[in-house]
Amino acid sequence: MPPAQQGKMLVTFWGTRGSISTPGRSTEKYGGHTPCIFVEHGDTKIIFDAGTGIRNLGLHLTDLLERSQKLPPLHLFLSHTHWDHIQGLPFFQPAYLKEVVLTIYGSPMKERFLGAVLKGQMDVEYFPVALSALAAQLSIQEMSEERMELGDVLVEWQEQVLHPGGSVRYRLTVGDKRVVYATDVELDRLVDGSAGGDCRALLDDYLRFVENADLLIADGQYTAQEYAEKAGWGHTSIPVLTSLAERAGVKQLAVFHHDPQHSDRMLDSLWKELRKAGPDKGATQVFWAREGMTLAV
Amino acid sequence: MEKDETLLRINPLPEEVEELSKTRAISREAVLEDLAETRMAHLEIHCPGLSPVSVALEERDATIGRGPDSRIQLQLPNVSRMHAIIRYQAEEYVIEDLGSTNGTLLNGVRVQRCVLRNHDQIQIGDARIIFAEERVRLE
């Protein structure tokens with residue numbers, strides 16, 4: 001690592017696509033793999049979600065292990081267990097290596113135990129290798145405390161209710177730097193009040209959680225026009241996301257969980273429109289999360 | 001009369017048709033040889049007050065900086081001695097900042113590292129660099 005980056009969190013996007021993987025030439029710029037983000041801070045190695053992008057991360061980590069003969073423990077935090085967030089796990093090569101220590105964390109609020117859900121997708125009807133056959137030192141934990149420390153990284157989480165089945169958002173803090181991962185949530189319903197209940201309190205919780213984040217990685221799956229037809233599907237529209245990020249004083253917003261129908265050309269056009277509407281108007285720098293991109297925070 | 005939208009019309013002379021229609025034995029190796037392709041990439045470097053310069057990357061690593069050790073030397077304001085490197089790995093070009101003072105921007109975003117795609121714009125100091133690649137058939 002170059003000296004200037006020491007002490008920083010390195011955030012790499014291995015999968016940025018929502019819902020289903022979309023390989024092909026029309027998505028090669030922003031990426032076709034479903035969610036997976038890797039955050040490194042020294043020997044603390046954190047993974048958010050195990051979409052299909054985790055396969056390539058696994059190859060990268062295996063290569064590291066072969067070259068350096070060691071790999072620090074891996075901490076995999078799941079936002080939830082919909083297919084696009086867990087489907088890469090059976091193809092995560094480090095899980096097959098006995099020297100690897102892998103802990104998987106998820107919400108305690110589900111009807112079924114997290115381990116049972118992950119075991120289910122590796123049932124013999126779906127996959128030839130059972131979860132119990134993985135050679136890594138694997139443990140699966142439903143989170144109890146709302147914060148934990150991993151090395152110098154403070155990890156905090158909150159439940160998000162506005163997604164079918166729920167989801168969890170995470171915040172990483174090192175010193176005065178914050179990275180927030182908040183995907184698969186329909187913020188539009190909090191803003192327009194259609195979620196019912198105490199929208200105001202839920203919105204305040206969200207704004208407080210993402211407040212002054214140096215990097216917010218967040219679900220912006222739909223345009224405003226698309227959202228009109230997809231209200232209730234559990235995802236946020238780009239204009240609502242950008243305006244909330246601005247309001248919360250977010251420094252950089254990586255719009256994430258791209259819709260499978262959004263080609264590179266379309267995302268480039270949307271970005272151009274956004275810039276035209278208000279280039280660098282606010283304090284938040286907005287860009288599209290892109291597979292193969294690493295940011296230093 | 002409708003507009004003719006034809007892009008190309010091949011219409012060989014009758015004696016050539018017979019020759020073309022003869023079955024040719026094509027080996028699998030010959031087919032694969034025809035299919036093999038690579039990515040040719042180059043950088044188009046725009047510096048203030050100078051004409052743009054193009055440099056081919058040739059599937060090799062290329063360091064960019066102000067110092068004499070860099071393969072691409074940009075003696076311009078706000079460029080560090082060893083500013084960035086473009087690596088060729090796994091058949092892709094990846095740019096990585098080498099701890100520069102002013103950072104490496106890709107399409108306006110400061111990145112530590114990023115896989116490059118066609119027409120990406122890299123900002124290194126006062127230089128604006130456009131990455132361009134094309135797929136070409138291996139000879």
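Estimate the FRET efficiency between A:Asp176 and B:Glu37 by the formula 1/(1 + (r/R0)^6), using the beta-carbon distance for r and 45 Å for R0, to the nearest 0.05.
According to the calculation, E is roughly 0.40.
Hand me the tally of lysine pairs in chain A: alpha carbons under 15 angstrom apart, and the pair either on different chains or 8 or more positions apart.
Pairs that pass both the separation and distance tests number 8.
Quick one: Karplus J couplings for segment A:60-65, per residue in order, coefficients 6.51, -1.76, 1.60, θ = phi - 60°, nearest Hz, x for Gly and Pro?
4, 5, 5, 4, 4, 4
Using helices alone, I'd like the mean residue ellipticity at 222 nm for the protein assembly as shown: each DSSP H run of four-plus residues gives -39500 (n - 2.57), total over residue count, nearest 500.
-6000 deg cm²/dmol
If you average 1/r over every pair of different alpha-carbon atoms in segment B:27-137 and take one over that average, what Kirkwood value in Å do you get?
Computed over Cα pairs of segment B:27-137, the Kirkwood hydrodynamic radius comes out at 14.6 Å.
Rounded to the nearest 20 debye, what is the charge dipole size of segment A:131-240 about its Cα centre when +1 sits on each Lys and Arg Cβ and -1 on each Asp and Glu Cβ?
120
If I model a spin label as a point 7 Å beyond the Cα along the Cα-Cβ vector, how far apart are those points for B:Leu8 and A:Glu226 in nm?
With each label point 7 Å from Cα toward Cβ, the separation is 3.5 nm.
Given points 7 Å out from each Cα along the Cα-Cβ axis, report the A:Ala133 to B:His46 separation in nanometres with one decimal.
That separation, rounded to one decimal, is 5.6 nm.
If contacts are Cα pairs under 8 angstrom and at least 6 residues apart, what is the relative contact order of segment A:1-118 in percent?
22
Quick check for me: using +1 on Lys/Arg Cβ and -1 on Asp/Glu Cβ, what's the dipole size of segment A:9-296 about its Cα centre, in debye to the nearest 20?
Computed charge dipole of segment A:9-296: roughly 560 debye.
Rg (Å, one decimal) plus Dmax (Å, integer) for the alpha carbons of segment A:9-296?
Over segment A:9-296's Cα set, Rg and Dmax evaluate to 18.2, 54 Å.
Shielding of B:104-114 by partners, i.e. mean partner chain Cβ atoms within 10 Å per residue?
Counting other chains' Cβ atoms within 10 Å and averaging over B:104-114 gives 6.
Within 10 Å of each Cβ in A:216-229, how many Cβ atoms from other chains are there, averaged over the peptide?
Rounded to a whole number, the mean comes out at 0.
If we count every other residue with Cβ under 10 angstrom of B:Arg113's Cβ, Lys/Arg +1 and Asp/Glu -1, where does the sum land?
-1
Under the rule of at least 5 residues apart or a separate chain, name every residue whose amide H is placed under 5 Å from the amide H of A:Leu162.
A:Glu186
Using r as the Cβ-Cβ distance of A:Phe113 and A:Arg67, and R0 as 51 Å, what FRET efficiency do you calculate, to the nearest 0.05?
It comes out at approximately 0.90.
Would you mind calculating the relative contact order of segment A:9-296 from Cα pairs under 8 angstrom and at least 6 residues apart, reporting the percent as a whole number?
RCO, segment A:9-296: 19 percent.
Taking segment B:58-115, which GluC sites (Glu not before Pro) meet the DSSP loop condition and have no more than 11 other C-beta atoms within 10 Å?
Sites meeting the loop and neighbour criteria: B:Glu58, B:Glu91.
Whats the longest run of chain A with zero trypsin sites (Lys or Arg not before Pro) that are DSSP loop and have at most 11 other Cβ atoms within 10 Å?
No qualifying site falls inside A:113-280, the longest such stretch.
Just grab the label-to-label distance for B:Glu59 and A:Glu142, each label 7 Å out from Cα along the Cβ direction, in nm (one decimal).
With each label placed 7 Å out from Cα toward Cβ, I get 5.3 nm.
A short reminder: the numbers here are calculations on the coordinates, not readings from a lab. All values derive from a computational prediction rather than experimental measurement. Using ideal geometry, Cβ is built from the backbone for each residue, glycine included, and neighbour counts are taken over all protein chains shown.
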